[in-house]
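Data first, discussion second: the structure below is written as structure tokens.
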Amino acid sequence: MSMNKKYIIKAVMLLLLTLAVPKLYAQEDTPEVKKTVIAGKQYSQEVSAIAGKSVVKKALQTIVDLQPQTLADHILLTEIPAPPYKETVRAKKFAEMLKAAGADSVWTDTAGNVIAKVKGRKGKKTVALEGHMDTVFPEGTDVKIAHKGDTLYAPGISDDTRALAVVLTVLKAMKKNEIKTDADLLFIGAVGEEGQGNLRGVRNLFSSSGPGKIDSYIAIDGTSVDRVVHRGLGSHRYRITFKGLGGHSSGAFGLANPHNALARAIHYWVLDADKFTREKGVRVTYNVGVIGGGTSVNSIPFESWMEVDMRSESQERLVGIDKMLQDAVQKALAEENQMKRLGPNLTVDVKLIGERPSGMEDPSIPFVQRAIATASFLQASPSLGVGSTNSNIPISKGIPAVTIGSGGKSGGAHALGEWWLDDKRAYVATQRAMLLLLTEAGMSK
Ligand SMILES: [Zn+2]
């Protein structure tokens, strides 16, 4: 085979790989084996009893009847852009819709979360049902829906706008049938779930400026009605910038070069991180995602930066790989400064741009059992999973939380080609969300 041919084959294979990998893993934080689980008998019985109440039966049917309205809400909200930190327009509309759906009170908190409250009979406990309003797409992204057959294409349509439509429909179905629960209920549209948002919405909900104590938290994210996320995949994200004087490549030759320092930092980190991630133990991953800096080929850059991401379900492992990064950065800085022939030392700025705590719930706690039992009751095949979602915050604080799906089929999350399809069973996820909410909130009458 000629060298040329070899290169072409290699290039084609690389291209195929880069095309295939995001499709395989875009939706999942961790590739995991799906294993169907069943709930303890008492929880299955509890769910059957709630679902058997005549008002609940009617509400389950209302959800079926409301399908066209759910879709209309879904489309309307998808077509209101909600870039990171710019959720206000969508939030305003969502608040109006919650009000119209019959919530007792609706308000927007200091972070921008939209919160609707429905008072319970006893009000000793509060259960929240939430979808996130933000998307990953920047301002100016075309969010108009394209219909191709039955499939709807639009950025943000599945992640997570479908969840907002589900939250609305659950509220409508409960109000229409005058369902009352023991606990107070919160129906929430959260801001800042995605990347740069760094879970700022849900952090606010569980802070002193939140709506008060929340006892159980249901986040709706992703579409699968089978998946019960009860573990939070933690992450640390940094933007690291080496800074120097910069100058002419020939005239100022000998100045410390920020790019060289960055390259050293990546090199040392990856050497250690590679060993660490191959060791036995809880899975931990690392990635240099973006690098930048520099002005022209004949200029010594004045800065060089990278953005990196590390993830693990284990806080200890996360801290371990983070320390390797910090050490590599300092070592790189010292070496580059030692090698310079003139000018000032380089400096480095290490900025934490994202931190999601990890955590794990015992699958035997009642809330997780109820999440499993409600899915089984509706003929789904529940499996336990890990995710990096709004539930990370309550889970890390020891507050019962699960992330469940919004229904239908979807793909291309975080890509312009994101799509959603009603597989004719999408309503089941809405029924499930309502059943879980009712079971957790209690219906003693
Ligand atoms: Zn999401």
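Among residues of the range 366-395 that are at negative phi, those with a beta-carbon under 6 Å from a residue that is part of a helix (DSSP H, G or I) and within 16 Å of the ligand (Cβ to nearest atom) at least six positions away or on a different chain give the pairs ASN390/VAL202; ILE393/VAL202; ILE393/ARG203. Select from the range 89-126 the residues that are of a type in the set (Ser, Thr, Tyr) and in contact with a strand residue (DSSP E or B) (Cβ under 9 Å, 6 or more places away or on another chain) and write down the one among them that is surrounded by the fewest Cβ atoms within 10 Å (Cβ to Cβ). Going through the qualifying residues, I end up with SER105. With respect to (1) among the charged types (D, E, K, R); (2) crowded, with 17+ Cβ neighbours inside 10 Å; (3) not assigned by TED's automatic domain parsing to the domain that holds VAL167, the lone exception for ASP221 is condition (3).
Every test in (1) under 23 Å from TRP420 (Cα atoms); (2) away from the ligand (no atom under 16 Å from the Cβ); (3) of a type outside the set (D, E, K, R) is passed by MET174 save one, and that test is (1). The criterion of being crowded, with 23+ Cβ neighbours inside 10 Å and within 16 Å of the ligand (Cβ to nearest atom) holds for ILE404. If I ask for residues that are away from the ligand (no atom under 15 Å from the Cβ) and among the hydroxyl-bearing types (Ser, Thr, Tyr), which ones from the range 367-401 would you list? The answer is THR374, SER376, SER381, SER383, SER396. For PHE187, state whether it is outside the structural domain of ILE75 (by TED's automatic domain parsing) and of a type outside the set (D, E, K, R). No, not satisfied.
In this structure, is ASP184 touching a strand residue (DSSP E or B) at 6+ places or on another chain (Cβ under 6 Å), over 26 Å from SER383 (Cα atoms) and away from the ligand (no atom under 16 Å from the Cβ)? Step through it out loud before you land on a result.
On the way: touching a strand residue (DSSP E or B) at 6+ places or on another chain (Cβ under 6 Å): yes; over 26 Å from SER383 (Cα atoms): yes; away from the ligand (no atom under 16 Å from the Cβ): yes.
When the stated conditions are applied, ASP184 passes them.
Summed over the range 127-148, residues that are on the phi > 0 side of the Ramachandran plot and crowded, with 22+ Cβ neighbours inside 10 Å total 0.
The values are calculated or read from the model by the stated rules, or taken from the named source; none is laboratory data. In this text, all values refer to a predicted model and were calculated from it rather than measured experimentally. FYI the Cβ positions are ideal-geometry reconstructions off the backbone, even for glycines, and counts take in every protein chain you see.
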